1. Given the options A:Asp228, A:Asp193, name the one that is within 12 Å of another protein chain (Cβ to nearest Cβ) and touching a helix residue (DSSP H, G or I) at 6+ places or on another chain (Cβ under 8 Å).
2. Can you tell me which of B:Pro168, B:Pro79 is in contact with a Pro (Cβ under 9 Å, 6 or more places away or on another chain) and surrounded by fewer than 14 Cβ atoms within 10 Å (Cβ to Cβ)?
3. May I ask you to list the residues in region B:1-56 that are touching a residue at least 60 places away in the same chain (Cβ under 8 Å) and of a type in the set (Val, Ile, Thr)?
4. Would you be able to tell me the number of residues in region B:1-57 that are of a type in the set (Lys, Arg) and in a strand (DSSP E or B)?
5. Which one of the conditions (1) surrounded by fewer than 22 Cβ atoms within 10 Å (Cβ to Cβ); (2) touching a residue at least 24 places away in the same chain (Cβ under 8 Å); (3) facing another protein chain (nearest Cβ under 10 Å); (4) outside any loop (DSSP other than H, G, I, E, B) does A:Ser211 fail to meet, given that it meets all the rest?
6. If you go through region A:68-83 one residue at a time, do you hit one that is on the phi > 0 side of the Ramachandran plot, in contact (Cβ under 8 Å) with a residue 40 or more places away in the chain and out of contact with any helix residue (DSSP H, G or I) (no Cβ under 9 Å at 6 or more places or on another chain)?
7. Pick out the one residue from A:His217, A:His231 that is more than 30 Å from A:Gly98 (Cα to Cα), in contact with a His (Cβ under 6 Å, 6 or more places away or on another chain) and surrounded by 20 or more Cβ atoms within 10 Å (Cβ to Cβ).
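Computed from the coordinates by the stated procedures, all read-outs in this text should not be read as laboratory data. Quick caveat, the model's predicted, so the values are computed rather than measured. Here the Cβ positions follow ideal geometry from the backbone for every residue, glycine too, while neighbour counts run over all protein chains shown.
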There are 2 protein chains.
Amino acid sequence: MQFISETRSGNVVERDLVLDDITGVLWTPESGAPGPLILLGHGGGMHTRAPGLLANARHLLAGGCTVAAINAPGHGGRPRDEQDRQLVEALQQARVMGRPLTPIVEELNLSLAERAIPEWQATLDALQAMPEIGNEAPVGYGGATLGAAIGLRLLTVEPRITAAAFGPILVFDALIEAAKQVTVPVEFTVSWDDPEIDPRPSLTLFEAFASTEKALHVYPGRHNRLPDYAHHAMAQFYTRHLGRTV
Amino acid sequence: MQFISETRSGNVVERDLVLDDITGVLWTPESGAPGPLILLGHGGGMHTRAPGLLANARHLLAGGCTVAAINAPGHGGRPRDEQDRQLVEALQQARVMGRPLTPIVEELNLSLAERAIPEWQATLDALQAMPEIGNEAPVGYGGATLGAAIGLRLLTVEPRITAAAFGPILVFDALIEAAKQVTVPVEFTVSWDDPEIDPRPSLTLFEAFASTEKALHVYPGRHNRLPDYAHHAMAQFYTRHLGRTV
């Protein structure tokens, strides 16, 4: 893993990272004992500096967490392959035509998740190899839409992640099956009035989590218009289950 | 309003209160500037020192709020009238026989709410007449089951209450109608696996609130087994919308 830039803002060091084909960001609070390491996955079509991801990162950093985000394949300036390109185009057409998005999102997100999982695992290996992070800090994962789909599948194969917060997501069967294998504490945030994400299947996803510690938070409005206290609640969730108080 | 006992524990002064036929408790944090005044209604068959109410009170007091609770008619040692007695008996029989509880709960809780509303208003008048509280402190309401039914109806006639948190509740039509009139910030906590309270109608109640600021929190388990962080979240809700930080 290489760092290609470093900036400081307040108590936070922000570094752009590169690992093979992967690009991403590492945010580290400068002061205090190292807190939990939280991996944040951005939403579909977004990148590591998307507003929702940054809102979560800000609250996590204020709570003493270290935060890492990587761009999914074909996102954040990474080259998009031909199959992805066709699916994204189909998605945009379906959106314009008012046709169901779920079958296209399912194919695209499962394909992206398959490629993103080894990338997240390699990133976590590299982060834990850094002396300032190490492999003692508890690890959490967070993400919405594509970031939640990747996270749900990642959790089924990655025992180092011991808490996960998911934002609004278009639910399909493979995610329900993944949720049934998840036993770590989960917080799931749903937006109730999103024109593209029917919230009702989210209740089935919430029920599917095998976790004994799980919470569902529902807010009115669209998935990308969560109130700031929703992001604060997510930060509290991690620090509650992974240690340290926000 | 008369205080018939006063005890201190930590920074909190606890006073038993009597106002006409009403009995209740006032908890005041000794130090700091006076915070919001939160009115807590206990659940059906419970009283002002029920475990869930005390859990909420503890988090609220830690956040600098003043907390008042009164016993509903026929509760907490207050005499139970003949009609209430018959309805409570019918409820217990329905529970044993596995028959639907909703029609009985609806009749009982609406009747109790009708009587409890002027009692809460008289209590709030008396509390605001106390120099240590006054009528400048913002006022919130909280309660589950019976306490939520009373609160929902109370909110429709009491403009002094400007934020409300509701716990798990057996939903019936009159409550949906009341929720449609509620415009203040609302936090609604639901238990997903309660044998007596089907959570699905709670989603309809959540949708019915006319409030632009509203949140639904869902936890697994029974209505009287909420995790402690659910009570902490409620305290944060009040202090977020009524001032002061927990």
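1. So the residue among A:Asp228, A:Asp193 that is within 12 Å of another protein chain (Cβ to nearest Cβ) and touching a helix residue (DSSP H, G or I) at 6+ places or on another chain (Cβ under 8 Å) is A:Asp228.
2. B:Pro79
3. Selection gives B:Ile22, B:Thr28, B:Ile38.
4. Residues in region B:1-57 being of a type in the set (Lys, Arg) and in a strand (DSSP E or B): 2 in total.
5. It is condition (4) that A:Ser211 fails.
6. Yes.
7. The conditions single out A:His231.
Per-residue answers, yes or no, for (1) in a helix (DSSP H, G or I); (2) over 24 Å from A:Val186 (Cα atoms); (3) within 11 Å of chain A (Cβ to nearest Cβ):
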site: B:Gly140; (1), (2), (3): no, yes, no
site: B:Gly147; (1), (2), (3): yes, yes, no
site: B:Glu158; (1), (2), (3): no, yes, no
site: B:Ala178; (1), (2), (3): yes, yes, no
site: B:Phe188; (1), (2), (3): no, no, yes
site: B:Ile197; (1), (2), (3): no, no, no
site: B:Gly221; (1), (2), (3): no, no, yes
site: B:Asn224; (1), (2), (3): no, no, no
site: B:His232; (1), (2), (3): yes, no, yes
